[in-house]
Amino acid sequence: MSSIELDHVSKLYASGAYGVRDVDLTIGDGEFVIFLGPSGCGKSTTLRMIAGLESITSGDLRIGGRSVTHVAPRERNIAVVFQSYALYPHMSVRENMGFGLKMRGVARGVIDGKIREAASLLGLTPYLDRRPAALSGGQRQRVALGRAIVRDPVAFLLDEPLSNLDAQLRAEMRLELVKLHRRLGRTIVHVTHDQVEAMTMGDRICIMREGRMIQVGKPLEVYADPVDTFVARFLATPPMNLVPARLEGRDDGLVVRAPGLDVAVPERHRDAYAPAAGREVIFGLRPEDLHEAPAPGLQKVEVTVVALEALGVENILIGQLAGAGAIRPVEIAARLSRHYTAPVGATVPLYLDARPMHLFDPETTRALPRPRLGVLQP
Ligand SMILES: Nc1ncnc2c1ncn2[C@@H]1O[C@H](COP(=O)(O)OP(=O)(O)OP(=O)(O)O)[C@@H](O)[C@H]1O
Ligand SMILES: [Mg+2]
């Protein structure tokens, strides 16, 4: 049993600044959880508190049901892998991996067996006698992981372990970590800045901001139903389009109005949004919900092309809403097919699917409640 429970955990630094505020989270035994958030939001502090490398100011931490708030790091049996691999340069891969066990007085034969096993799991067998300097970044990262694996910890805490790697290696290591998790079945908490890692690796993502955990859920659920404009913008590139607008009631339903934008609220959301009629709102729609061709159920909107970014697999159109008289024209992004073309400066029609739309409160930035879309849509 190695569930990790953070029970209203806070970290107040001596400087008077909060590193982490009132985090309440239970990580299941064997779960793969991602911490995602901007720099300084408290990801590493949370990890360090779980590992025992940082004291907890208030709240309780339980591992496997036992309070470990005042238990020394080495007795928690949790392995941390940092971004900087922190390998000993003068030791071989084998010695690096076995060092911790040797210090604990584990028998030589046992250590050798564990190293062999971990090296084979990580594809490091051919490199066991090399020094770290003679390894690539990805190989060094695997050694750091191997060193954690031989300890046979109850959980792995990975603090941006892939951020020093180039894009291709990162993608490979991402997959390796997921496979490793499947094979070992251990609890993993993985800290990242990377949206792709966040979306693809974990069972759940925990989005942090300013020391707080503001949304926790399955990746696609958080993607489909962000709790506020911060999560809406943070989770994807290009981020969700947000347009300051007004919600108006009409005889036949509700419309979202902004300069250059007039969107009928789909029937499925009418009841939920009706109480906000007459109010200022922020209209949110993901770039992939804007299309280049008309189709039943889609609503037309005109934009002036600001840029067209050809990414190979798709074209991202950045367009200004063509609202006459807007003081600050709003730009929106649309993910279109790779065959789409339009000259910069042209006014072109786009066709939006309002079914996955969101409305946010401009004051609190919170999403206005409506039935969750969840993963399956439309
Ligand atoms: N020893 C410390 N003393 C005072 N404040 C600290 C200390 N360590 C961290 N902080 C502050 O706590 C907050 C959270 O820091 P933390 O390192 O957990 O952020 P992070 O989410 O890991 O950021 P990054 O993505 O940059 O690694 C930051 O505002 C940071 O400045
Ligand atoms: Mg950090």
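The values are calculated or read from the model by the stated rules, or taken from the named source; none is laboratory data. Please read these numbers as outputs of a predicted model, since none were measured by experiment. No Cβ is skipped: glycine too gets one built from the backbone with ideal geometry, and neighbour counts run over all protein chains shown. What goes into the accessible areas is simple: the full protein's heavy atoms, side chains included, and nothing from ligands, DNA or RNA. Shrake-Rupley method; radii C 1.70, N 1.55, O 1.52, S 1.80 Å.
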- Rg and Dmax of region 238-360 over Cα atoms: what are they, in angstrom? 14.3, 45
- Amide H contacts under 5 Å for Leu254, restricted to residues at least 5 apart in sequence or on another chain and with H modeled in the peptide plane, are Val265
- Note: Asp166 to Ala272 extended length (0.36 nm per residue) minus current alpha-carbon separation gives 33.6 nm
- Message: Can you give me the % of accessible surface on region 4-232 that is carbon or sulfur? Probe 1.4 Å, all protein chains present, nothing else counted.
- Response: 49 percent
- Sorted by accessible surface (1.4 Å probe, heavy atoms of the protein chains only), largest first, Lys43, Lys114 come out as Lys114, Lys43
- Item | Stretch gain in nm, segment Met91-Ala14, where the contour uses 0.36 nm per residue and the Cα spacing is subtracted | 24.0 nm
- With R₀ set to 45 angstrom, the calculated FRET efficiency between the beta-carbons of Thr125 and Ala295, to the nearest 0.05, is 0.25
- Note on the structure: SASA check, Arg186, accessible area w/ 1.4 Å probe, all protein chains in place, rounded to nearest 10 Å², comes out at 80 Å²
- Item | Burial ranking of peptide ranges 214-220, 101-107, 361-367, 159-165 (average Cβ count within 10 Å, highest at the top) | 159-165, 214-220, 361-367, 101-107
- To the nearest 0.05, the calculated FRET efficiency linking Glu210 and Lys179 through their beta-carbon distance, R0 being 35 Å, is 0.55
- Message: If I take R0 = 56 Å and measure r between the Cβ atoms of Glu363 and Arg108 in this structure, what FRET efficiency does the formula 1/(1 + (r/R0)^6) give, to the nearest 0.05?
- Response: 0.30
- Item | Segment Glu248-Ala72, length gained on full extension (0.36 nm per residue, minus Cα span) | 57.5 nm
- Residue among Tyr351, Ala295, Thr365 farthest towards the positive dipole end of region 263-373, charges placed on Cβ: Thr365
- Message: Rounded to the nearest 10 Å², what accessible area does Thr200 have for a 1.4 Å probe in the complete protein model?
- Response: 80 Å²
- Note on the structure: For region 135-228, the Kirkwood Rh over every pair of distinct alpha carbons, in Å, works out to 14.3 Å
- Heavy atoms only, probe 1.4 Å: what % of the accessible area of region 238-360 goes to carbon and sulfur, would you let me know? 52 percent
- Item | Accessible area per residue in Å² at 1.4 Å probe, computed on the chain | 47 Å²
- In degrees, nearest 10, range 0 to 90: what is the angle between the Cα axis of helix 167-184 and the longest Cα principal axis of the chain? 60 degrees
- Item | Helix 93-103 vs. the chain, principal-axis angle (Cα, 0 to 90°, nearest 10) | 70 degrees
- Given the convex hull over the Cα atoms of the chain, what projected area results after averaging over all orientations, in nm²? 22.9 nm²
